[in-house]
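Report on the structure given below.
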Amino acid sequence: MMNLSRTMKAVNTPAEALLSRLSKQIEDGKIMFGHQDSFLYGHSWKIASDATDFNKTDIEDVAGVYPALYGLDLGGIELDSPLNIDKNDFNQMRESVKAHHERGGVITFSWHPRNPLTGGDTWDTSSTEAVASIIPGGSNHEMFMGWLRKAADYLESLKTDDGRMIPVIFRPWHEHTKNYFWWGQDWCTTEQYKALWSMTYDYMTKERGLDHLVWSYSPDSCGSDPLDVEERYPGDEIVDMIGVDFYQFTENEVYVGRMKYSLDVISAFAKEHGLMIAVTEAGWEGVKYERWWTEVLYPAIKDYPVSYVLLWRNACDENMQHHFYAPYPGHDSVEDFKAFASIENMLFIK
C-alpha cells in the first residue's frame, strides 16, 4: 500500500513516480525479484575495470532474464574511497545504475558506513556511544554531517544522460532491531535511533532537496513481539516502505513459517501506517536445497502484497566461493530457478 501522504497529491517527483509504479505493480499481484551487485560481479566473474557494458549477470546467465531490482551499497563513500565496501568502483556503480534504469529496472541502495566514533568498520559494536556522538549535540555531529553530504552528493549524481534524476529506494540504518551494526538495538536508545533517521531524512530531503529517494525502514526478522517493529519507527511522514531482512539458517519449513510470521507482522503495521512492504534482504547462503526457489522462497512470500524480494550477492572472491544467494551456471538449483522465474507474478526484465 502506498504511503497515504503521497496518494493525496499529484505525482510530481521521481520518488512519487516510483511509488506510483510500485503501487500499480502490487495491485497487479506482481513481486519484483532483486539481486545485490548483480551487474558488477558474479560467482566466478568480475566486471573489467574499464567496462562500459552492464548486461552480464548470473541471473541472466542461468534464466535468460534480468533481475527487476538492482541492489547496491554506499559503504565507503563517507571516506572518499573510490571503491565501496564490496570493492565496487563508485563510478562504475553509477553507470550500472543508469543502464539498469534504462532497461526498465528499479534500484535500491543500502549504506554500511564505518563506525564514526571508533574508526572501525560497520560491524564494530565496541561502544554504545557511536550514534550519540553524531546526532545533534554529539561530539562528532559536524564530522558525520560531512559523511551525509558525501552520500547525498553521490545519490544526487544518479541521473540519466538528459539530466533526469533516477529514483532510488534508499534503505539506511537497517536491521536495527538486532545488534549487528553500530546503530543496532543495544548500541543506542530508541530516541537516538529516531534522531539518527530524522537527521538523515531532513538533510537529504529538506536541506538537499533530493526528491528521488523512496525511504525504506528495514528491521531484521520479526521476533515474538510485534512491538519490535514499532518501537523505533521514525514516523509516517518520513517513511514510505517497511521491509524485513530475513535469511535462512534453519530447516526449510521453519524458515517458511517464520517468514510468513514476519510478513504478517509488517503487513499489519503497513496497513495501519499506509506503507508498502518488501522483503528487503533474503536468501540462504549457498542455496543448499535444489528446489529452494519454488518450494521455499515462493511459498513464503506469494500470499503477501510484497513489492520486491532482494537476494544478497554472489561473491566472486576465491575465499568466498560459499557466499552466494542466487544460482550461477552449473549450480544444482538452476532448473528450479528457471521455473521460479517463469511464475507469472514474479517480475523480472526480459
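Identify the trypsin sites (Lys or Arg not before Pro) of the range 127-166 meeting these criteria: DSSP loop state and at most 15 other C-beta atoms within 10 Å of the C-beta.
Passing both the DSSP loop test and the Cβ count: ARG164.
For the chain, what does the helix formula give at 222 nm: sum of -39500 (n - 2.57) over DSSP H segments with n ≥ 4, over the residue count, nearest 500 deg cm²/dmol?
-9000 deg cm²/dmol, from helical runs alone.
Based on alpha-carbon centroids, what's the gap between the range 284-299 and the range 31-56 in Å, whole number please?
That distance is 22 Å.
How far apart, in nanometres, would the label points at GLU251 and ALA17 be if each is projected 7 angstrom from Cα along the Cα-to-Cβ direction?
Placing both labels 7 Å along Cα→Cβ, they lie 5.0 nm apart.
By per-residue mean of other Cβ atoms within 10 Å, what is the highest-first order of 107-120, 45-58, 284-297?
Taking the mean over residues of other Cβ atoms within 10 Å, the ranking is 107-120, 284-297, 45-58.
To make sure I understand, if each residue's beta carbon is the centre and we count other beta carbons within 10 Å, what order do THR160, THR200 fall in, fewest to most?
By the 10 Å Cβ count, ascending, the order reads THR160, THR200.
In straight Cα distance, which aspartates and glutamates are under 16 Å from LYS338, not counting same-chain residues fewer than 8 positions off?
ASP58, GLU60, ASP61, GLU290, GLU295
Compute the relative contact order of the chain as a whole-number percentage, counting only Cα pairs closer than 8 Å that sit 6 or more residues apart in sequence.
After rounding, I find 24 percent.
Multiply the residue gap between ARG291 and GLU27 by 0.36 nm, knock off their C-alpha separation, and tell me the result in nm, one decimal place.
Difference between extended and current length: 92.2 nm.
For the range 323-350 and the range 250-271, what is the separation of their Cα centres, given in Å?
Taking the Cα centre of each part, the range 323-350 and the range 250-271 sit 22 Å apart.
Give the cross-link partners of LYS302 among the lysines, using a straight C-alpha distance below 16 Å as the criterion and excluding same-chain residues fewer than 8 apart.
Reachable lysines: LYS30, LYS260.
Setting aside same-chain residues fewer than 8 positions from LYS206, which aspartates and glutamates have a Cα under 15 Å from its Cα?
ASP153, GLU156, GLU237
Per Stokes-Einstein, at 25 °C and 0.890 mPa s, what whole-number D in µm² s⁻¹ belongs to the range 157-248, with the Kirkwood radius over Cα pairs as the hydrodynamic radius?
The diffusion coefficient I find is 172 µm²/s.
Computed from the coordinates by the stated procedures, all read-outs in this text should not be read as laboratory data. This one's a predicted model, so the numbers in the text were calculated from it and none came from an experiment. Glycine gets a Cβ as well: all are built from the backbone with ideal geometry, and neighbour counts include every protein chain shown.
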